[in-house]
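Notes to accompany the following structure.
Coordinate-derived values only; no laboratory data. Every value quoted in this text rests on a predicted model; they were computed, and no experiment measured them. Don't worry about glycine lacking a Cβ; one is built from the backbone with ideal geometry, like all the others, and counts go over all protein chains shown.
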Amino acid sequence: MSRPPILMLHHVEPGPLDPPPLHLNSYLTRADFAGFLDDLAARGLRTLTCAEAFQPNPPRRSVVLTFDDGCRCFRDHAFPELQARGMTATLYVVSGALGGTNHWDRAAGERTEELLGADDLRTLATAGIEIASHSRHHRDLPACSDAELAEEIAGSRADLEALLGAPPQTFCYPYGHVDERTHAAARAAGYGAAVSIHAQPGARPGDPWAWPRLILNPGESRFERRLKLSGLYPLWSRLPRLGILRRLRGRR
Ligand SMILES: [Zn+2]
């Protein structure tokens, strides 16, 4: 069954970013994000939540936008642009860090990002945003013991059910890291689907519990973004692109 492309984002900020982040590729400007949404609308593409995309027969000409970590910039900059266009998204939150900061990134030297708290998540859920699980503590799951895995995957599902009144339908592996044990734990916890990242070793096209998402990067061309929306990007990314371009130029 064909599924819509699932894109991965982290931050939408107006810029300039002060202090500058280590991982600039995780930050889209609000203007860039708004322009991307306008392009989706102009092409008649509809946004779905991740949970909707994994229902039987999802609508054609649709796309899923996912945001990892649940930062305040989603509420302040991404959500208003989505809402203005009647669009939706899935927000993957770390259930043990609500209202806190991105401590897992801070340990690697990244700048501090404030995370959304329980009230904000309830408001966003009421407005049609899918609030789903990105584990409890953002650990590298394949390195966890079985007990820790259960805490991170099933525990975060229970946390969000208590918060929102219904269990989250989908799960997002921190860092996209998934192996056989984490895959089995996500299924056992009752999620309907779980997402990773394109080109991560455990990601498997067609596998609803190891789904490869495509990263939406700042500064990429409209052509590259349209490839990602078309479903052709995974194939394109495997081709020796430079060689093809050289051959095409040689034909001029
Ligand atoms: Zn994350």
Over region 6-219, what is the mean sequence separation of C-alpha contacts under 8 Å (at least six apart), divided by residue count, expressed as relative contact order in percent? 20 percent
Full-extension gain between Gln200 and Ala127, please, as 0.36 nm times their residue separation minus the C-alpha to C-alpha distance. 23.1 nm
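Arrange the following residues from fewest to most other Cβ atoms within 10 Å of their Cβ: Asp119, Asp76. Before the final figure, lay out the partial values.
Numbers: Asp119 11, Asp76 15.
Ordered by Cβ neighbours within 10 Å, fewest first: Asp119, Asp76.
To the nearest whole percent, what portion of all C-alpha pairs in the chain is separated by more than 25 angstrom? Spell out each step's value before the answer.
Numbers: 13263 of 31626 pairs.
More than 25 Å apart: 42 percent of the Cα pairs in the chain.
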What is the magnitude of the charge dipole of the chain about its Cα centre, with +1 placed on the Cβ of each Lys and Arg, -1 on the Cβ of each Asp and Glu, and no other charges, expressed in debye to the nearest 20? 1840 debye
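Just rank Ile197, Ile6, fewest to most, by other beta-carbon atoms within 10 angstrom. Display every interim value, and only then the final one.
On the way: Ile197 20, Ile6 23.
Starting with the residue having the fewest Cβ neighbours, the order is Ile197, Ile6.
Starting with the fewest neighbours, write out Glu13, Glu161 ranked by other beta-carbon atoms found within 10 Å of each beta-carbon. Don't skip to the answer; put the middle values down first.
Numbers: Glu13 18, Glu161 15.
The order, fewest Cβ neighbours first, is Glu161, Glu13.
For Arg226 and Ser2, what does the FRET efficiency come to when R0 = 22 Å and r is the distance between their Cβ atoms, rounded to the nearest 0.05?
Working: r = 17 Å, r/R0 = 0.79.
Between Arg226 and Ser2 the formula returns 0.80.
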Note, ³J(HN,Hα) from phi for region 205-218, Karplus 6.51, -1.76, 1.60, rounded to Hz, x at Gly and Pro: x, x, 9, x, 10, 8, 6, x, 8, 9, 7, 8, 9, x
Estimated FRET transfer efficiency (Asp146, His103; beta-carbon r; R0 25 Å; 0.05): 0.55
